[in-house]
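Let me begin by presenting the structure, written as structure tokens, before commenting on it.
The values are calculated or read from the model by the stated rules, or taken from the named source; none is laboratory data. Note that this is a predicted model, so its numbers are computed, not measured. Cβ placement follows ideal geometry from the backbone for every residue including glycine, while neighbour counts extend to all protein chains displayed.
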Amino acid sequence: MNNIKTVLVTGANGQLGQSLKSLQAAYPGQHFIFTDLEQLDLSDKKNIIEFSQHNAFDLIINCAAYTAVDKAESEPELANNINHLAVKYLAEMAQQQNAKFIHISTDYVFNGQQHRPYTEKDEVQPQSVYGLTKLKGEQALLQSMPQNALIIRTSWLYSEFANNFVKTMGKLGHERDALNVIFDQVGTPTYARDLAQAIMNIVTSNSFDQANFITETYHYSNEGVCSWYDFAKTIFELTGLQCDVNPIETVDYPTPAARPHYSVLNKTKIKQAFDITIPYWKDSLQQCLMVLQEKE
Ligand SMILES: NC(=O)c1ccc[n+]([C@@H]2O[C@H](COP(=O)([O-])OP(=O)(O)OC[C@H]3O[C@@H](n4cnc5c(N)ncnc54)[C@H](OP(=O)(O)O)[C@@H]3O)[C@@H](O)[C@H]2O)c1
């Protein structure tokens with residue numbers, strides 16, 4: 001019998017939020033409250049306090065975030081409000097309600113100079129406002145909730161929902177004969193549905209159901225490694241779109257925010273703690289492309 005009955009999911013219209021929504025029918029033992037900007041604007045503390053006064057829950061899954069990595073460089077205050085301060089206030093709300101907390105963070109907390117997959121113990125050194133605000137959110141959660149919370153860092157999320165690299169490539173592949181794509185940033189694409197399924201498995205696991213556990217950070221991405229160039233090439237191979245992909249260097253595609261050159265995540269800890277099997281990124285990409293094709 002699982003004690004997690006009512007689950008608040010923020011960022012419900014985002015990729016991960018919608019992926020969780022698509023799985024909820026398989027979990028009739030849990031009642032989900034999905035919120036996005038209209039129901040609960042996280043940029044303002046008073047909204048969070050007010051929401052807490054009218055809603056009770058046993059778990060918060062915080063999928064909401066300011067995810068516009070480049071725009072964050074010119075909107076640091078708003079990014080900080082959502083990625084950092086809101087996490088603190090949500091954690092305080094969870095504490096008051098004796099609720100647990102699952103928070104999603106990012107590979108962009110690392111500087112990307114390493115040559116082996118990052119573990120949860122590796123030093124953090126964000127290169128961007130987005131990465132810094134996400135790191136501050138992690139730190140605020142660890143401080144406010146030393147027990148009963150999980151931080152899951154993920155990377156290169158894509159899905160059939162919202163905007164992402166796979167959908168952008170699909171669109172551009174129809175419009176153009178050739179594209180330039182960066183080959184010197186290496187990481188692992190993650191299908192949001194796989195992450196959502198992993199979260200559901202964790203929520204319904206015995207170890208998560210324990211009365212009190214120490215708050216820990218975990219890494220989750222799909223298995224394998226690729227560059228954005230390889231990712232684009234594979235999308236075109238699997239969809240049959242005739243579009244050449246030219247490999248370019250990061251210096252040839254300047255962006256306001258710096259990105260890590262290498263941000264592969266080591267997932268041993270989450271796999272062992274929750275007995276999770278993680279799909280290979282190309283297999284998951286194929287799954288997502290099939291879903292997208294069905295939607296067309
Ligand atoms: N996308 C990636 O490649 C990636 C990589 C690593 C980690 N992550 C992390 O994974 C998590 C999920 O990412 P995602 O790709 O699902 O993000 P997403 O698609 O951008 O969704 C984020 C959601 O947060 C909502 N939001 C923004 N500002 C808000 C506010 N003030 N109050 C309430 N909600 C607000 C957005 O609403 P609107 O749509 O109305 O703006 C959106 O629905 C985030 O924590 C992100 O940092 C993402």
Please find, among Gln143, Gln147, the residue that is exposed (fewer than 15 other Cβ atoms within 10 Å of the Cβ), more than 10 Å from the ligand (Cβ to nearest atom), at pLDDT 95 or above and closer than 16 Å to Asn62 by Cβ. Gln143
Condition first: more than 18 Å from Leu141 (Cβ to Cβ) and in contact with a Phe, Trp or Tyr (Cβ under 7 Å, 6 or more places away or on another chain). Now tell me which residues in segment 41-99 satisfy that. Val69, Ala72, Leu78
On the given criteria, is Leu195 modelled with pLDDT of 95 or more, of a type outside the set (Lys, Arg) and under 21 Å from Val9 (Cβ atoms)? yes
Restricting attention to segment 204-242, which residues are of a type in the set (Phe, Trp, Tyr), more than 28 Å from Lys171 (Cα to Cα) and within 14 Å of the ligand (Cβ to nearest atom)? Tyr218
I need the strands (runs of 3 or more DSSP E) fully contained in segment 1-112, keeping only those with at least 3 residues that are surrounded by fewer than 19 Cβ atoms within 10 Å (Cβ to Cβ) and touching a His at 6+ places or on another chain (Cβ under 7 Å). none
Taking the conditions exactly as written (crowded, with 17+ Cβ neighbours inside 10 Å and part of a loop (DSSP other than H, G, I, E, B)), does Ile276 satisfy them or not? yes
Per-region count, segment 241-271, residues within 15 Å of Glu223 (Cβ to Cβ) and surrounded by fewer than 16 Cβ atoms within 10 Å (Cβ to Cβ): 1
Residues in segment 113-140 that are of a type in the set (Asp, Glu) and surrounded by 18 or more Cβ atoms within 10 Å (Cβ to Cβ) total 1
For Ala162, all conditions in the list (1) at pLDDT below 95; (2) part of a loop (DSSP other than H, G, I, E, B); (3) more than 11 Å from the ligand (Cβ to nearest atom); (4) not charged (D, E, K, R) hold save one; what is the number of the exception? (3)
With the structure loaded, tell me whether Glu73 is touching a residue at least 40 places away in the same chain (Cβ under 8 Å) and either away from the ligand (no atom under 13 Å from the Cβ) or in contact with a strand residue (DSSP E or B) (Cβ under 9 Å, 6 or more places away or on another chain) (or both) or whether it fails that test. yes
Cross-chain or 6+ apart pairs with Cβ under 7 Å, segment 192-203 first and under 17 Å from Pro28 (Cα atoms) and within 14 Å of the ligand (Cβ to nearest atom), then part of a helix (DSSP H, G or I) and not small (Gly, Ala, Ser): Ala196/Leu16; Ala196/Leu20; Ala196/Leu23; Ile199/Leu20
Are any residues in segment 195-246 assigned to a helix (DSSP H, G or I) and β-branched (Val, Ile, Thr), and if so, which ones? Ile199, Ile202, Val203, Thr234, Ile235, Thr239
